[in-house]
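Take a look at the structure below.
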Amino acid sequence: MRALAAALLTTTLLSVADAGNAAAASTARADWVTRGVQPIGQPIAVGAVVVGYLVRDRRLYARGLRPGDGTVIWEREITPSRQTAGIEILPFRVGDNVAFLEPRPERGPHWARMVIVDAATGRVEQSSQPAIFRSVPESCFGDRAACAMANPHTGGTRRGYRLDVATGSFTPYDVALPAARSISDSGLHDLGGRPDERIALIRDGAIRWQRSVTDAFPAGFSTDNGWTWQHFPADGVFAGSVFGPVKRTATTVDIDLGAQSASAGLDERTGAVLWRSPGTIIGCAENIPLRADPVRCRVRGRGHFVVEPPASTFEGLDVALEGFDPRTGQTRWSVPAGRSEQLVGQLRRAAVAGDHTVVAELAGGSRMIDLTDGTVTVPAETSVFWCLSQARFFSHEGHTPQDSHERFDRVGGSTATTTTCGADGKPAGSGQPAPGASRAVGAVANGYAVVATPDGYRGIALDG
């Protein structure tokens, strides 16, 4: 998510019919392009195969691709089941396999089975009994299982379940999780208790620690208002943002960004609160797409968000982009961004120029920023980057968000513009981003970076 606008805004995206296999031309570098499909996020690499999710006729599919030419190796229908609508639907690797949810319509809407699939062939290695799932499968128990929250019995209690890779056993955790939801792809959960809202790390079927939200954030702040968390494993830290009370109607959301945004760092081993930073948003509400780099936006002003059609306006907006130390929260560098709606609005994310470099709208215009040290440079007019936006799509299965009627729109991950873009975010006439940009955006396998675009995939041959 997951943050501010991702939790608050949903929109439409036209469905595109599948035109089949790899379509377009190769170049001297053996690059390739496919069109006529609608990816809902970037693929992942699993061994010698890349696996991505796409939508067709309002139904979701997992697809295995050969990275060298885009050949479709396999495809299987998937479902979000009852996963929270604002959470991105993305594939997860489990060893040399992928895990996802396959629909079981004979049981009714949202019923699914969790499957572990051989990424190289698409063959189902293990599958669970049908259930209603409240989270997507994730790797657990040292890649020996896939885990998700599920309820296999109508009217029963939701629990965490593991599907064992070797044996296929589908067994519940010892602890019941009747109202929990995942807020991170690394085991962090909101246990669901209100008013004593608690964040917990659930790993390998056990709650490792839990902590009250009010220990890390001001009173009244809740994941119900949106969240964004990033895991920095080398530092042993979860850094995240939770938001304060917002003024919400059926079609709009208003928020005082400085007063109702805050960040904190939690120790991965103990859950101890390492630091707090009011008025900041980790990852700039995911508008900075390189999640390995610890960055945040320090924000002031008021934001008005319209749900549909999506739009945002701001009063008194002032933004600073900061790099920070994950363990201490101390600011390492700071770049003034002024009234940069791009960094808080979530309609167009920062462009990717390299492994640790983005292009974003700052006070003086579009600038290239090195996220390791905050160095700012003016990009050349001929420079070409990957410009990203969040995928939004319709599903044939509805969901009921807070204070709303049933909806069918959902969010995925980022897709990159079909033609690469220049510093101003507009399509570039020719050229290609640096190899580091393609590596950072797409899935890398067998010497190729495979990048999802709004209408297909691109394979870029990497040097070396």
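Given the protein chains as shown and a 1.4 Å probe, how many square angstrom of Tyr61 are accessible, to the nearest 10?
Rounded to the nearest 10, that gives 40 Å².
Report in % the part of the accessible area of region 78-207 that belongs to carbon and sulfur, leaving out ligands and nucleic acids; probe 1.4 Å.
Using a 1.4 Å probe with all protein chains present, region 78-207 comes out at 48 percent carbon and sulfur.
At 0.36 nm per residue, and after removing the present C-alpha to C-alpha distance, how many nm does the segment from Phe408 to Val306 gain when stretched out fully?
35.0 nm
Probe of 1.4 angstrom, ligands and nucleic acids ignored: what's the accessible area per residue over region 305-427, in square angstrom?
Averaged over the residues of region 305-427, the accessible area is 42 Å².
Measuring from label point to label point, each 7 Å out along Cα→Cβ, what is the Arg59 to Ala272 span in nm?
That separation, rounded to one decimal, is 5.3 nm.
So, with a 1.4 angstrom probe, what is the percent of accessible area on region 233-350 that is carbon and sulfur?
52 percent
I want the local charge near Leu163. Using Cβ-Cβ distances under 14 Å, sum +1 for each Lys or Arg and -1 for each Asp or Glu among the other residues.
Residues near Leu163 contribute -2 overall.
In a shell of Cβ-Cβ distance under 13 Å around Gly329, excluding Gly329 itself, what net charge do Lys and Arg (+1) and Asp and Glu (-1) give?
The answer is +1.
Describe numerically, in nm with one decimal, the distance between label points set 7 Å from Cα along Cα→Cβ at Thr375 and at Arg291.
2.7 nm
Sorting check: for 207-217, 94-104, which peptide has the highest mean count of neighbouring beta carbons within 10 Å, and how do the rest follow?
Averaged packing, sorted descending, gives the order 94-104, 207-217.
Taking only the alpha carbons of the chain, what extent do you get along each of the three principal axes, in Å, biggest first?
For the chain, the Cα extents along the three principal axes come out at 58, 57, 41 Å.
Within the set of other residues whose C-beta is less than 9 Å from the C-beta of Phe393, count the net charge using Lys and Arg as +1 and Asp and Glu as -1.
Net local charge, Phe393 excluded: +2.
Order His153, His399 by their accessible area, 1.4 angstrom probe, all chains in place, largest first.
His153, His399
I'd like to check one number: the per residue accessible area of region 32-173, probe 1.4 Å, reported in Å² as a whole number.
35 Å²
Given a 1.4 Å probe and every protein chain left where it sits, what share in percent of the accessible area of region 372-464 is carbon and sulfur? Display every interim value, and only then the final one.
Numbers: 1960 of 3860 Å².
That share works out to 51 percent.
Work out, step by step, the length gained on full extension between Ala206 and Phe141: first 0.36 nm times the residue separation, then minus their alpha carbon distance; give nm to one decimal.
Stretched out fully, the Ala206 to Phe141 stretch lengthens by 22.3 nm.
The values are calculated or read from the model by the stated rules, or taken from the named source; none is laboratory data. Predicted model, so just to flag it, every value in this text is computed and none were measured. A quick note on method: Cβ atoms are made from the backbone with ideal geometry, for glycine too, and the neighbour counts reach across all protein chains shown. Accessible surface is based on the protein model in full, side chains and every heavy atom, while ligands, DNA and RNA are left aside. Shrake-Rupley method; radii C 1.70, N 1.55, O 1.52, S 1.80 Å.
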